[in-house]
Amino acid sequence: TVGCVAVDINGHCAAATSTGGLVNKMVGRIGDTPLIGAGTYANEFCAVSTTGKGEEIIRCLCAKEVASLMEYKYLPLKEATDTVIWKKLGEGNGGLIAVSSTGEVAMTFNTLGMFRACATEDGHRQIGIWKD
Amino acid sequence: MGWALALHGGAGRISKSSISPAAREASETVLQEFLDAGCAALSEGKSALDVVELVVRLLENCPLFNAGVGAVLTQRGTVEMEASIMDGATRKSGAVSGVSTVVNPISLARLVMEKTPHVYLAFEGAEAFAKDQGVETRDESYFITPGNKERLAKALEAGLVLLDHSVSTDGPEHGGSREVLQADGHSGRD
């Protein structure tokens with residue numbers, strides 16, 4: 001799976017995700033990516049793109065869950081993504097990238113690794129695969 | 001406040017020992033390149049929606065990742081790709097599943113969002129819509145790489161083994177998932 005989230009200079013968020021699915025998946029299998037709210041979600045608070053075990057991400061409705069925690073519990077982005085990945089999605093099942101409308105970035109995963117990169121207007125940059 | 005961007009190329013059981021230094025460098029190089037492209041677009045004032053489509057198209061066109069060129073294979077060795085896009089400002093969204101000839105499924109998903117009253121098209125309907133819209137298509141073989149053929153062969157082989165060693169009722173015989181280690185150290189997870 002690949003994905004990208006962004007917030008522009010107007011504070012508008014967007015998310016996009018694309019995938020081939022699982023190696024050796026059954027013909028006709030639908031994963032989390034195209035299910036809005038599971039693999040991909042964006043609103044006026046944040047944008048989220050997930051990756052990992054699609055069936056678990058669907059059961060957790062991960063992307064919308066992050067947005068809901070921000071909208072209804074007023075959690076900051078990092079706390080919302082940590083809650084979903086570490087408390088709701090089972091360990092080893094995946095990760096996500098997210099941005100908030102105020103320019104925060106989170107890249108959270110509970111697998112061994114996640115290919116990822118991020119940047120913000122103030123010059124912060126990060127590229128990585130593993131946790132360290 | 002200001003613009004911000006993040007991108008990913010998948011998560012899974014990616015151990016450090018399973019990736020060669022050359023493969024790691026190649027992955028990090030393209031992540032850097034695509035990050036730069038997205039940052040440049042945001043700096044120029046492009047909308048978040050345009051930028052996420054731009055970056056995902058780049059990722060789809062890169063065989064190092066599991067979308068577009070290099071998409072993983074089904075049990076039958078076929079390609080079934082999926083993509084979705086959502087605009088936070090309007091909460092409009094579009095998605096496609098089961099496309100096997102569309103070079104950039106993410107752009108087809110955006111067309112679903114912008115040109116139809118629907119949010120999700122799949123399989124024959126999505127392919128027909130792609131043809132109607134004139135998006136770039138290729139024969140399915142365009143998406144299949146030697147590496148993915150090899151991974152499918154290993155997964156099929158490991159799948160037989162895992163069927164005999166299912167550790168829970170989540171095994172494939174119960175309609176659940178099975179995890180298959182790939183040659184590159186990724187899990188079978190996407």
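Once the C-beta distance of B:Y142 and A:N10 is scaled by a Förster radius of 25 Å, the resulting FRET efficiency is 0.10 to the nearest 0.05.
Karplus-derived 3J(HN,Hα) values for segment A:124-132, using 6.51 cos²θ - 1.76 cosθ + 1.60 with θ = phi - 60°, are 5, 9, 8, 10, x, 10, 9, 5, 8 Hz; glycine and proline are entered as x. Backbone N atoms of segment B:71-86 closer than 17 Å to the 7 Å Cα→Cβ label point of A:E71 belong to residues B:85-86.
With the simple model of a label 7 Å out from the Cα in the direction of the Cβ, A:R125 to B:Q32 spans 0.8 nm. Residue order for A:F109, B:F123, fewest other beta carbons within 10 angstrom first, comes to B:F123, A:F109.
Computed about the Cα centre, the dipole magnitude for segment A:1-77 is approximately 280 debye when only Lys and Arg (+1) and Asp and Glu (-1) carry charge, each at its Cβ.
A full extension of the chain between B:Q75 and B:K16 corresponds to an added length of 18.4 nm, given 0.36 nm per residue minus the alpha carbon distance.
Projecting label points 7 angstrom from Cα along Cα→Cβ for B:E44 and B:T116 puts them 3.0 nm apart. Ranked by how many other Cβ atoms sit within 10 Å of their own Cβ, fewest first, the residues B:R13, B:R138, B:R57 fall in the order B:R138, B:R13, B:R57. For the listed residue pairs A:K25/A:K78; A:K88/B:K16; A:K25/A:K73; A:K87/B:K46; A:K25/B:K46, the alpha carbons are over 28 angstrom apart in A:K25/A:K78; A:K25/A:K73; A:K87/B:K46; A:K25/B:K46.
Laboratory data are not the source of any read-out in this text; all were calculated from the coordinates shown. As the structure is a prediction and not an experimental result, all values here were calculated from the model. With ideal geometry, Cβ positions are generated from the backbone for all residues, glycine too; neighbour counts draw on all protein chains shown.
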